[in-house]
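K.L.:
Have a look at this one.
Values quoted throughout were computed directly from the atomic coordinates according to the rules given, and no laboratory measurement underlies them. What you are looking at is a predicted structure, and each value in this text was computed from that prediction instead of being measured. No Cβ is skipped: glycine too gets one built from the backbone with ideal geometry, and neighbour counts run over all protein chains shown.
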Amino acid sequence: MEPVKDQSVGSHLAAAETTTATPAVPAPSPGVQPERRRAPRTWETPPAPVPPPHLDDYQSIVGAADIDELRFLARELKGKTVKMVNSTAVGGGVAEMLNRLVPLMNELEVTTHWDVITGGNDFFEVTKAFHNALHGSDYEPTRHAEEIFLMYNEQNRQRMQFTEDMVVIHDPQPAALIRARQETAARWVWRCHIDLSNPHPEVWGFLRPFIEQYDAAIFSSQSFARQLPIPQYLFYPCIDPLSEKNKELDESFVQKVCEEFGIDRARPIVTQVSRFDRLKDPLGVVQAFKLARRYVDCQLVLAGGGASDDPEGATVLKEVKDAAGDDPDVIILDLPPWCALEINALQRASTLIIQKSIKEGFGLTVTEALWKGKPTIAGAVGGIPNQIIHKLTGMLVHSVEGCAYQIRYLLTHPEFAAQLGRNGREHVKENFLMTTNVRRWLLLLRVLLHIGTA
Ligand code: UDP
């Protein structure tokens with residue numbers, strides 16, 4: 001079979017996975033001759049969403065005791081109400097997480113719903129600039145940025161009602177909704193998903209007086225937090241073990257995905273799943289792979305997306321292709337964003353997973369890799385050290401050479417690598433699954449509403 005250098009489309013393969021039906025594969029256009037090696041088929045639109053799981057569905061994964069604990073913690077919260085506010089209904093990890101969290105809270109009879117703020121392009125341009133500046137990037141103040149931010153927040157404040165017991169505002173975009181606070185009896189919480197360790201002083205100086213009016217702030221890592229006069233809580237992000245991205249798959253489906261993408265499962269597979277973004281260092285991964293491969297046989301899979309709608313992504317993708325040259329063992333996959341099953345299969349097919357980021361938020365690809373029991377090598381940045389305890393749940397690296405060394409070491413020490421994978425999965429089970437996240441919300445509700453506390 002011809003090795004595949006670059007698939008610039010994604011495929012959605014026929015339903016061969018375990019628990020949920022996948023959409024049917026589109027029929028080939030009439031008149032198209034089947035090729036000897038089928039080209040991956042493209043889905044132009046996302047598949048229909050899968051209904052969210054129930055609490056009991058998690059029992060086989062986390063055990064009955066954990067589910068009983070959630071029911072116990074929720075008992076005295078029955079009838080309490082929570083509103084969550086986010087800036088987007090689709091796309092992004094927060095919306096994905098809320099789509100799973102909210103039904104589980106409701107199943108526990110804590111009436112929870114989530115709302116989305118509205119705004120024009122001018123608002124989202126401002127909030128994007130704020131977002132980047134809070135992450136530590138340069139900030140070019142634009143005319144009226146603060147007025148635009150406040151105007152849209154005010155419009156949303158007037159449109160929304162806050163009659164719940166707890167209001168949770170996600171991220172900076174809707175942070176000024178706190179101005180509605182005096183009209184409500186609710187406890188207000190700001191859930192920050194971004195790294196605030198080094199914010200642009202001007203933007204943080206503008207935002208901070210709003211944040212200080214909340215009852216509490218929640219951050220995703222100790223290192224992301226700021227000094228604030230309000231209580232701060234640490235909530236790790238989480239993955240859903242029952243999502244398309246993380247659920248168990250039939251081996252035959254994994255095999256089929258590999259065949260579609262020209263990946264040889266008889267040889268070691270080293271994979272990085274990431275947007276084609278410089279901060280994910282895909283070029284460094286190619287270099288590390290080439291160094292390691294002088295000593296050990298392996299293939300590199302770089303699976304990513306976003307290059308088609310991000311000019312910078314397209315440039316990075318081109319650079320990666322140039323760096324790969326005509327090496328048949330470097331397989332570059334530019335996938336559309338709805339290829340969760342394929343990403344899942346690629347992660348499961350991998351011998352090692354890399355996330356050689358130079359800067360990172362929490363790094364959910366690392367969580368996903370560890371959950372699949374994969375020996376993982378990752379840059380020691382952002383939330384990654386929360387997940388990878390060096391030499392225990394994975395390997396932390398700081399350079400191309402370090403990454404190459406660890407690829408070589410793990411491929412030649414499979415028992416040690418397998419132990420890392422087992423430990424990594426346990427670490428995720430304890431700390432980074434959806435059920436743990438539900439427990440944290442229940443505990444926070446109890447603390448803020450003084451339920452069951454002295
Ligand atoms: N992801 C994806 N397709 C891609 C690249 C990434 O579905 O082509 C997913 C990946 O599996 C993970 C998320 O996008 O769930 C990326 O989250 P992470 O925190 O690792 O990085 P971010 O892209 O948010 O910086």
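K.L.:
Taking the Cα centre of the chain as origin, work out the dipole magnitude from +1 charges on Lys and Arg Cβ and -1 charges on Asp and Glu Cβ, in debye rounded to 20.
P.N.:
Working: 47 positive and 57 negative charges, 156 e Å.
Roughly 760 debye, rounded to the nearest 20.
K.L.:
Starting from the Cα of Ser197, move 7 Å in the Cα-to-Cβ direction to define the label point; list residues of region 256-291 whose amide nitrogen is under 14 Å from there.
P.N.:
Nothing falls inside the zone, counting backbone N under 14 Å.
K.L.:
Convex hull volume of the Cα atoms in region 192-292, per residue, in Å³?
P.N.:
173
K.L.:
What FRET efficiency comes out for the pair Ala185/Glu312, r = Cβ-Cβ distance, R0 = 60 Å, nearest 0.05?
P.N.:
After rounding, the FRET efficiency stands at 0.85.
K.L.:
On full extension of the chain, what length is gained from Arg75 through Phe416, given 0.36 nm per residue of separation minus the C-alpha to C-alpha distance?
P.N.:
118.4 nm
K.L.:
Further question: Find out how many positive minus negative residues lie around Leu196, taking Lys and Arg as positive, Asp and Glu as negative, among other residues whose Cβ is under 15 Å from that of Leu196. Spell out each step's value before the answer.
P.N.:
On the way: positive: Arg191, Arg208, Arg226, Lys359; negative: Asp171, Asp195, Glu202, Glu212, Glu360.
Local charge sum for Leu196: -1.
K.L.:
Follow-up. At Asp297 and Gln232, where each label point lies 7 Å from the Cα along Cα→Cβ, what is the point-to-point distance in nanometres?
P.N.:
5.1
K.L.:
What's the local net charge at Ala288, with K and R +1, D and E -1, over the other residues with C-beta under 12 Å away?
P.N.:
+3
K.L.:
Same structure again: Hey, fewest Cβ within 10 Å first, where do Ser350, Ser223 land in order?
P.N.:
Fewest-to-most ranking of Ser350, Ser223: Ser223, Ser350.
K.L.:
Using unit Cβ charges (K, R positive; D, E negative) and no other charged atoms, how large, in debye to the nearest 20, is the dipole of region 96-161 about its Cα centre?
P.N.:
Value, rounded to 20: 100 debye.
K.L.:
Sticking with this one: Mean residue ellipticity at 222 nm from the helices of the chain, using -39,500 (n - 2.57) per DSSP H segment of n ≥ 4 over the full residue count, to the nearest 500 deg cm²/dmol?
P.N.:
Roughly -12000 deg cm²/dmol at 222 nm, from the helical runs in the chain.
K.L.:
In addition: Determine the gain in length on full extension of the stretch Glu426-Glu401; use 0.36 nm per residue of separation and subtract their C-alpha separation, reporting nm with one decimal.
P.N.:
Once the chain is fully extended between Glu426 and Glu401, it gains 6.1 nm.
K.L.:
Hey, what does the equivalent ellipsoid look like for the chain, semi-axes from the Cα gyration tensor as sqrt of 5 times each eigenvalue, largest first, whole Å?
P.N.:
After diagonalising the Cα gyration tensor, the semi-axes are 38, 25, 23 Å.
K.L.:
I want to verify the translational diffusion coefficient of region 219-370 in µm²/s; compute it with Stokes-Einstein, Rh as the Kirkwood radius over Cα pairs, at 25 °C and 0.890 mPa s.
P.N.:
The estimated diffusion coefficient comes to 147 µm²/s.
K.L.:
Quick check: residue separation of Asp250 and Asp68 times 0.36 nm, minus the Cα distance between them. What number comes out in nm?
P.N.:
The span from Asp250 to Asp68 would gain 62.6 nm if fully extended.
K.L.:
Calculated FRET efficiency, Leu443 and Glu319, Cβ-Cβ r, R0 30 Å, to nearest 0.05?
P.N.:
0.05
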